[in-house]
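Following: one structure in structure tokens, then a few remarks.
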Amino acid sequence: MIQVKCEGHSFEREIGLILALFYEDPEIAYVQEWNNPDDIRLVLTISEQSDGVHARGELLSNGQKMTYSYVRPFVGRDEKAMRKTAKQAVSYTLLMLMEKFTGIEQGWGILTGIRPTKLLHQLLSSGKSREEAHELLIRDYMVRPYKLELLQRIVDRQLLVVPDLYQIDRELSVYIGIPFCPTKCAYCTFPAYAIRSHTASVNPFLEGLHYEIEKTGEWLKRHDMRITSIYFGGGTPTSITADDLDRLFVTLHQSFPNMDQVRELTVEAGRPDTITPEKLSVMKRWNVDRISINPQSFTQETLHAIGRHHTVEETIEKYHLAMEMGLTNINMDLIIGLPNEGLAELEHSLEAVEKLMPASLTVHTLSFKRASEMTQNKERYKVASREEIRQMMDLASRWTAQHGYLPYYLYRQKNILGNLENVGYALQGQESIYNIMIMEEVQTILGLGCGAVSKLMAPGSGKLTRWPNPKDPKTYNETYKQLVEEKLRDLDQIYFGSTFASRS
Ligand code: SF4
């Protein structure tokens, strides 16, 4: 338990966010008077003075006392700017105090709740020089130089892959969500339903999806829209039959305009147990550019523990099959911090990856999302310490660099182990355009199907409107006609300013 006294402010939310960088689910009590003597005690005081906000932090624990003082100059004198300065002063002071107390350095500083790469892109596209942008990230967020260097490398890479990234809002991308999987993985919070126990929902869902593709296609054709990328995700899209997959591609090609100019078409085939020669041949016939086959780990016991009912051998076998059938741009996902896994298991997984050398490798850090089976039964799953997770991340970063993989996207999540990040690496020229679009939020993403979340953005506005489709097949099947109509009406409003019927 941590007791906190706030003097001169009430930035409890900000304090909670910083403390969560150091402790998992910290219990925080904001108090006027100290009570339990065994708790960590923190006093955070601020006062406005002529040269800026003066902040002081004091930490008491087990008879040990630490202090930190800091002055943050004002950047503006209006109410909003002064509040921002005060907030930053408190966050910064607390961060420094906690780093001193715990010995843990936070590479991302006080940056929470915004994608670091998106922030850097925003600064650069607004005309700031690289040096100015870096200075600002250090001054406002205390991002450490090694993270800045990683950020800049990723941003440079993205601009090489999509040179028109800052004008790409004239086009849009499409996400198609198919919410079925062979079984549900223990860490999963995606809309994914075990297909065998939902067979009755599959056909009605596909009927709705065909309808949504057709109606969306009419809108796209009417406005002569260009599509940057199309991504089939879910769930695992390859959970449906080869014939069903084929029919979806027929509808897609008949409905969407300019299909020959789409820069990238990806299908997630994440679960090796869904891949068959027939499905691979359908994808090859329809010119799918990229697929993913996700091992997550090459340790069989881990796969078993997380509820993935396939073998390590099957992953390798399906990878070779896809390569032989001409689907050579394959992404593989690995997760750091799966139950009972440490450095040795990661080394083992990387040795296995080395034998395959997929076009891209995405390294996730396990995130304890509230809705997952793993989070709800946390005591059943033993995960590595923060320090070991950090070492595993470092190993992945060194290994990818040594093997020619370059980082090209990065994102952080809440409750991610060790406050680390997920990084997408690719061999040169094998980066996923869709991943860049979704991460950097630079254009409309039209989400079709179950659990798909559209992010609508009028060209030039930079303002995103989130538009979620229902997560479960039953609601989707009952409402798809109405939802398509409402979504297209909102799109009209956002793009051309007519009637609006937004949903929350
Ligand atoms: S394969 Fe992916 S979408 Fe399906 S249950 Fe596992 S984590 Fe969820």
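The values are calculated or read from the model by the stated rules, or taken from the named source; none is laboratory data. A quick note: this is a predicted structure, and the numbers were derived from the prediction, not measured. Positions of Cβ are backbone-derived with ideal geometry, glycine not excepted, and every protein chain shown enters the neighbour counts. Ligands, DNA and RNA are stripped out before the accessible areas are found, and what is left, the full protein with its side chains, is counted by its heavy atoms. Shrake-Rupley method; radii C 1.70, N 1.55, O 1.52, S 1.80 Å.
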Where a Cα-Cα gap under 21 Å defines reach, which lysines qualify for Lys355, not counting those fewer than 8 residues away within the same chain?
Lys318
His223-Lys481 FRET efficiency (beta carbon distance; Förster radius 25 Å; 0.05 resolution)
0.75
Under Karplus coefficients 6.51, -1.76 and 1.60, residue-wise ³J(HN,Hα) of the range 226-237 in Hz, glycine/proline x
9, 10, 6, 8, 10, 9, 8, x, x, x, 10, x
Among Thr274, Val453, Ala200, flag the residue with its Cα farthest along the positive direction of the charge dipole of the chain, charges on Cβ as +1 for Lys/Arg and -1 for Asp/Glu.
Val453
Total charge dipole magnitude, the range 2-102, about the Cα centre, Cβ charges on Lys, Arg, Asp, Glu only, Debye to nearest 20:
420
So if a site counts as exposed when it's one of the GluC sites (Glu not before Pro), its DSSP state isn't H, G, I, E or B, and it has at most 11 other Cβ atoms within 10 Å, what's the longest stretch of the chain without one?
106-504
Using just the helices of the chain, give the 222 nm mean residue ellipticity in deg cm²/dmol: DSSP H runs with n ≥ 4 each add -39,500 (n - 2.57), and the total is spread over all residues, rounded to 500.
-13000 deg cm²/dmol
Hey, which aspartates and glutamates would be in cross-link range of Lys118, C-alpha to C-alpha under 17 Å, not counting anything within fewer than 8 residues on its own chain?
Glu131, Glu132, Glu135, Asp140, Glu149, Asp156, Asp164, Asp169, Glu421, Glu440, Glu441
Greater than 32 Å apart at Cα, pairs in Lys80/Lys455; Lys221/Lys471; Lys87/Lys382; Lys65/Lys128; Lys5/Lys455; Lys80/Lys481
Lys87/Lys382; Lys65/Lys128; Lys5/Lys455; Lys80/Lys481
Using a 1.4 angstrom probe on heavy atoms only, work out the carbon and sulfur share of the accessible area of the chain in %.
49
If amide hydrogens are placed 1.01 Å from N in the peptide plane, which non-local residues have theirs closer than 5 Å to the one on Gly447?
Tyr175, Ser454, Lys455
Share antiparallel - DSSP beta bridges, the chain, percent rounded to 5
45
At a 4.7 angstrom Cβ threshold, list every cysteine in the chain that has nobody to pair with, or say none.
Cys6, Cys181, Cys450
So for the pair Glu347, Lys128, with labels modelled 7 Å out along Cα→Cβ, what separation do we get in nm?
4.1
Mean Cβ-within-10 Å packing, highest first, puts peptides 34-40, 487-493, 244-250, 90-96 in the order 90-96, 487-493, 244-250, 34-40
About the Cα centre, charge dipole magnitude for the chain (Lys/Arg +1, Asp/Glu -1 at Cβ), debye:
900
Taking only protein heavy atoms into account and a 1.4 Å probe, give the accessible area per residue of the chain in Å².
43
Taking the Cβ-Cβ separation of Asp51 and Ser385 as r and a Förster radius of 60 Å, what is the calculated FRET efficiency to the nearest 0.05?
0.90
